[in-house]
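Quick notes on the structure that follows.
The values are calculated or read from the model by the stated rules, or taken from the named source; none is laboratory data. Here the structure is a predicted model, which means the values were calculated and not measured. Because the Cβ atoms are built from the backbone with ideal geometry, glycine has one as well, and the counts that use them run over all protein chains shown.
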Amino acid sequence: MKSTQLLRPAQHTEYQLLTSILNGTHPPGSALPNERSLAMHLGITRPTLREALQRMAREGWITIQHGKATMVNDYALDGGMGMLTTLSAHPEFLPAAYILHFLEVRLVLLPEVAGMAAEKAPETLLRHLSRHEQLNDDKESFAEFDWQLQLLMATHSGNPIFRLIVNDFSQLFKTMAPAYFAMDDARRASTGYYQALSRFITGNDREKVVAIVRSAMRDAMVRWKQMK
C-alpha cells in the first residue's frame with residue numbers, strides 16, 4: 001500500500017476502513033456505524049465516505065443496503081480474486097496460512113501453464129532463462145527474475161485467464177519472495193531449476209517441463225514451511 005500521505009481522501013478512508021475490518025475492529029458479520037457517525041469519527045465529509053464505501057462494496061468487503069446498516073462481509077467466503085491484492089497490501093494482518101495457500105494454488109496451476117508456454121513460446125522462455133547466469137546473488141534479483149518468469153509462462157500459455165490470475169498474486173509474491181530468496185539454499189535450488197527447465201524446453205519435452213516445475217514448486221513449499 002502506498003504511504004497514506006499520498007492517497008486521495010477516499011482512498012485514505014478506504015485504507016482506514018479496511019484496516020478496521022482486518023484488525024477485527026469491524027469483524028465479518030458486524031454492522032458499520034451509520035454514515036454520519038462514521039464520517040465524524042474519521043474526520044471526513046460524507047461524500048468522501050460514500051465514495052470509499054462504494055469502492056469497498058464493489059470489491060466485496062461490505063454490503064450496502066438502502067435504509068439498513070452497512071454490513072461487513074466474510075471476505076474469505078464472499079470475496080473474489082481481486083481481494084488478494086488488498087490483503088497483500090496489509091501484510092501485518094495476512095494470516096500465515098495464506099502464503100501456503102498461495103503456494104498450493106501455484107503448485108496446481110503453474111506446472112501446466114509452464115508446459116503450455118513451453119510449447120507455444122519456447123524461444124521467449126529460453127531467452128529469459130538464459131539471463132539467470134548473470135543474476136546478482138541477492139534476494140531482490142532472484143525475486144524479480146522468478147516473478148518475470150512466471151509472468152512469461154502465464155502470458156504465453158495461450159490462455160489470457162492465467163495471466164489475470166497470476167497478476168492477482170503479484171503483491172502476495174512480492175511480499176514473500178524476498179524472505180524466501182534471502183536463503184542461500186533457495187537461490188541455489190532455483191539456479192538448478194532454471195538450468196533444468198532450460199534443458200527440457202530446448203529438448204521440446206513438455207512432460208519434463210511440467211515435472212520440473214511441479215518439483216520446484218513442491219520444494220518451495222517445503223522450504224517455506226521450514227522457514228516458519
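For this structure, a couple of remarks:
- Picking from residues in segment 112-149 that are outside any helix (DSSP H, G or I) and out of contact with any His (no Cβ under 6 Å at 6 or more places or on another chain), the one that is surrounded by the most Cβ atoms within 10 Å (Cβ to Cβ) is Leu135.
- Pair list, Cβ under 6 Å, 6 or more apart: segment 136-151 residue within 15 Å of Asp185 (Cβ to Cβ), other residue at pLDDT 95 or above and among the aromatic types (Phe, Trp, Tyr): Lys139/Phe181; Phe142/Phe181
- Selection count, segment 74-110, where residues are modelled with pLDDT of 75 or more, of a type in the set (Asp, Glu) and out of contact with any strand residue (DSSP E or B) (no Cβ under 9 Å at 6 or more places or on another chain): 2
- Of Ser88, Ser37, Ser30, all but one fail to be of a type in the set (S, T, N, Q) and within 30 Å of Met221 (Cβ to Cβ); the exception is Ser88.
- Residue identified as closer than 23 Å to Ile165 by Cα and surrounded by fewer than 18 Cβ atoms within 10 Å (Cβ to Cβ) among Gly67, Gly79: Gly79
- Any hit, segment 86-103, residues being acidic (Asp, Glu) and assigned by TED's automatic domain parsing to the domain that holds Phe169: yes
- If you filter segment 150-199 down to residues that are within 21 Å of the chain's Cα centre (by Cα), in a helix (DSSP H, G or I) and among the hydroxyl-bearing types (Ser, Thr, Tyr), you find that the one that is surrounded by the fewest Cβ atoms within 10 Å (Cβ to Cβ) is Ser170.
- Annotation for segment 189-197: no member residue is in contact (Cβ under 8 Å) with a residue 24 or more places away in the chain and either more than 22 Å from Ser130 (Cα to Cα) or outside the structural domain of Glu92 (by TED's automatic domain parsing) (or both).
- When residues in segment 21-44 are screened for being surrounded by fewer than 16 Cβ atoms within 10 Å (Cβ to Cβ) and not in a loop (DSSP other than H, G, I, E, B), 6 of them pass.
- Checked against the criterion of being in the same structural domain as Leu100 (by TED's automatic domain parsing), within 24 Å of Ile99 (Cα to Cα) and out of contact with any strand residue (DSSP E or B) (no Cβ under 6 Å at 6 or more places or on another chain), segment 121-136 has no qualifying residue.
- Filter result (assigned to a helix (DSSP H, G or I) and buried (at least 16 other Cβ atoms within 10 Å of the Cβ)) within segment 86-111: Thr86, Leu87, Ser88, Tyr98, Ile99, Phe102, Leu103, Arg106, Leu107, Leu109, Leu110, Pro111
- Of all residues assigned to segment 206-224, none qualifies as being free of Cβ contacts under 8 Å to residues at least 60 places away in the same chain, closer than 12 Å to Leu129 by Cα and hydroxyl-bearing (Ser, Thr, Tyr).
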